[in-house]
Amino acid sequence: VQLQASGGGLVQAGGSLRLSCVASGRTFSIYSMGWFRQAPGKERESVAAISRSGDSTYYTDSVKGRFTISRDNAKNTVYLQMNSLKPEDTAVYYCAGVRAFTGVVRSDRLYDSWGQGTQVTVSS
């Protein structure tokens, strides 16, 4: 599957953004999906993940209560709603997908499809 992420931008601390990731093809519903981010000089980290059905989700501790991952299988799209943004959320955000698992997948090494990344910058 090919993934296209969008929705990044510049926002002040406390603001919100919604990232979208659209998948090509008709098999999106069998992909577990995730959002990752990479800040300059730092390793890529898992931000959130969602199961094929959308019933199960995962969030890294630093975003719990602020970010929400969701998916619309009819639209081949996964979303990341980001509220109460902080300067430390500044990074390039990537969406990723994997077919081999039904549940949430945290490790980036297990994903086999990646979007191109969208920049999120949060000013203080």
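What pairs can you find where one residue is in the range 43-55 and within 16 Å of residue 21 (Cα to Cα) and touching a residue at least 40 places away in the same chain (Cβ under 8 Å), the other is open to solvent by 70 Å² or more (accessible area, probe 1.4 Å) and of a type in the set (Lys, Arg), and their Cβ atoms are less than 7 Å apart, with a gap of 6+ or different chains?
Going by the 7 Å Cβ cut-off, the qualifying pairs are 46/106; 49/106.
Could you check, for the range 51-70, whether at least one of its residues is surrounded by fewer than 21 Cβ atoms within 10 Å (Cβ to Cβ), of a type in the set (Val, Ile, Thr) and in a helix (DSSP H, G or I)?
No: the range 51-70 contains no residue that is surrounded by fewer than 21 Cβ atoms within 10 Å (Cβ to Cβ), of a type in the set (Val, Ile, Thr) and in a helix (DSSP H, G or I).
If you go through the range 52-63 one residue at a time, do you hit one that is hydrophobic (A, V, I, L, M, F, W, C), in contact with a Ser or Thr (Cβ under 6 Å, 6 or more places away or on another chain) and more than 18 Å from residue 30 (Cα to Cα)?
Within the range 52-63, none of the residues are hydrophobic (A, V, I, L, M, F, W, C), in contact with a Ser or Thr (Cβ under 6 Å, 6 or more places away or on another chain) and more than 18 Å from residue 30 (Cα to Cα).
Table: residues versus (1) part of a strand (DSSP E or B); (2) over 30 Å from residue 124 (Cα atoms); (3) without any contact (Cβ under 8 Å) to a residue 40 or more places away in the chain; (4) touching a strand residue (DSSP E or B) at 6+ places or on another chain (Cβ under 9 Å).
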| site | (1), (2), (3), (4) |
| --- | --- |
| 15 | no, no, no, yes |
| 35 | yes, no, no, yes |
| 41 | no, no, yes, no |
| 95 | yes, no, no, yes |
| 103 | no, yes, no, yes |
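The values are calculated or read from the model by the stated rules, or taken from the named source; none is laboratory data. The shown structure was predicted, so the numbers you read here are calculated from the model rather than taken from an experiment. Quick reminder, even Gly has a Cβ in these numbers, built from the backbone with ideal geometry, and neighbours come from all protein chains shown. For the accessible areas, the whole protein counts, side chains as well, though only heavy atoms, and no ligand, DNA or RNA atoms are used. Shrake-Rupley method; radii C 1.70, N 1.55, O 1.52, S 1.80 Å.
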